[in-house]
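Peer 1: Have a look at this one.
The values are calculated or read from the model by the stated rules, or taken from the named source; none is laboratory data. Computed from a predicted model, the values in this text were never measured in an experiment. In this analysis, Cβ positions are derived from the backbone assuming ideal geometry, glycine residues included, and neighbour counts consider all displayed protein chains. Side chains included, ligands, DNA and RNA excluded: accessible areas come from the protein's heavy atoms. Shrake-Rupley method; radii C 1.70, N 1.55, O 1.52, S 1.80 Å.
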Amino acid sequence: MISFLIPVFNYNCTELVRGLSEQAVAVKRQENPRFDFEIVVTDDASTNETLKSTNRLALSQIAGCRYIELKKNMGRAAIRNFLTRQASFEFLVFIDCDAEICSKDFVLSYWNDRDKADIICGSLKTPASPPPPGCELRYTYEKAADPRRSISYRQAHPFGCFTTFNIMINRKVFDKVSFDERCTEYGYEDALLGLMLERENFSIYHSGNALVHGGVDSSTSFLEKTESSLRTLHQLGEPMQSYAGTSRTARKLEILRIKKTAGRLFLLFRSRLYRQLTGRHPSVFLFQLYKLGYYCTL
């Protein structure tokens, strides 16, 4: 019994939901009569009325889908807690709305793996084709992260690679933990949940059940999201700041009494860094410097 939970904000998720429904219907008919499913999609007060109308019309015609529109934006953590409360079944599969199905047995794989651990982490794949012009930074960053997304690496760092982009969680987990609703902007709601799950000693299994991250942001949008995530990190305090690499490095600079200097240097060179990162050949190293410098100004 699986509830697929998809938060949406300004994105057309109809192909994702249609693919999930078709696979789930096939599993229910052919593989296991005990299997049942639902797909709960919640729009978190999107501002793009065209996309909302597209989702509203298409999702109403897809088997097993329930579509909810919120009038007030809840934020990245609260919307996921809301979806959990809407779910009817024991196994909760969280999927980001910009995911794309890339296998014919995605649903069946989760069903077969359901008893292997309290949390089953699927895989994330970067699109194989180069990004459209203006989206090079996010694509370059994601490709650089690919080695940390291998099953062997994730199994060696089970909670250090935690993401809710594609994950199945037993409902009993949410009797003890939930998403921290201080995370209203982009970033760290999943990493913080991973820390809480590790603290509670829940079991975790990393699988190769993959989705493609299709929503590659423009470089300017990705930098805006990055700054938003760093503001969230600065607000969260511990234990998140002792876990995240940017805040750990900033703390070392503070001990050396050069954190403020680093922040001033960032402000001095910010426009040059911005131009490089939004150009055709962005540097991951300079992106990390941008993150550290911005954090030092908070």
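Peer 1: For PHE89, all conditions in the list (1) open to solvent by 20 Å² or more (accessible area, probe 1.4 Å); (2) in contact (Cβ under 8 Å) with a residue 12 or more places away in the chain; (3) assigned to a helix (DSSP H, G or I); (4) over 23 Å from PHE9 (Cα atoms) hold save one; what is the number of the exception?
Peer 2: Exception for PHE89: condition (3).
Peer 1: So, in the range 1-57, how many residues would count as being assigned to a loop (DSSP other than H, G, I, E, B), open to solvent by less than 30 Å² (accessible area, probe 1.4 Å) and in contact with a Ser or Thr (Cβ under 6 Å, 6 or more places away or on another chain)?
Peer 2: Of the residues in the range 1-57, 0 are assigned to a loop (DSSP other than H, G, I, E, B), open to solvent by less than 30 Å² (accessible area, probe 1.4 Å) and in contact with a Ser or Thr (Cβ under 6 Å, 6 or more places away or on another chain).
Peer 1: Taking the residues in the range 250-270 that are touching a Lys or Arg at 6+ places or on another chain (Cβ under 9 Å) and in contact (Cβ under 8 Å) with a residue 24 or more places away in the chain as candidates, determine which candidate is surrounded by the fewest Cβ atoms within 10 Å (Cβ to Cβ).
Peer 2: LEU253
Peer 1: Mind checking which residues of the range 142-183 are open to solvent by 70 Å² or more (accessible area, probe 1.4 Å) and among the hydroxyl-bearing types (Ser, Thr, Tyr)?
Peer 2: Those that are open to solvent by 70 Å² or more (accessible area, probe 1.4 Å) and among the hydroxyl-bearing types (Ser, Thr, Tyr): SER152, TYR153.
Peer 1: List the helices (runs of 4 or more DSSP H) inside the range 194-298, counting only whole elements, that have at least 1 residues being under 20 Å from HIS157 (Cα atoms).
Peer 2: Output list reads 240-243, 245-255.
Peer 1: Moving on. Quick check on my filter: what residues within the range 101-141 are modelled with pLDDT of 90 or more, surrounded by fewer than 17 Cβ atoms within 10 Å (Cβ to Cβ) and of a type in the set (A, V, I, L, M, F, W, C)?
Peer 2: If the condition is that a residue be modelled with pLDDT of 90 or more, surrounded by fewer than 17 Cβ atoms within 10 Å (Cβ to Cβ) and of a type in the set (A, V, I, L, M, F, W, C), then CYS102 is the only one that fits.
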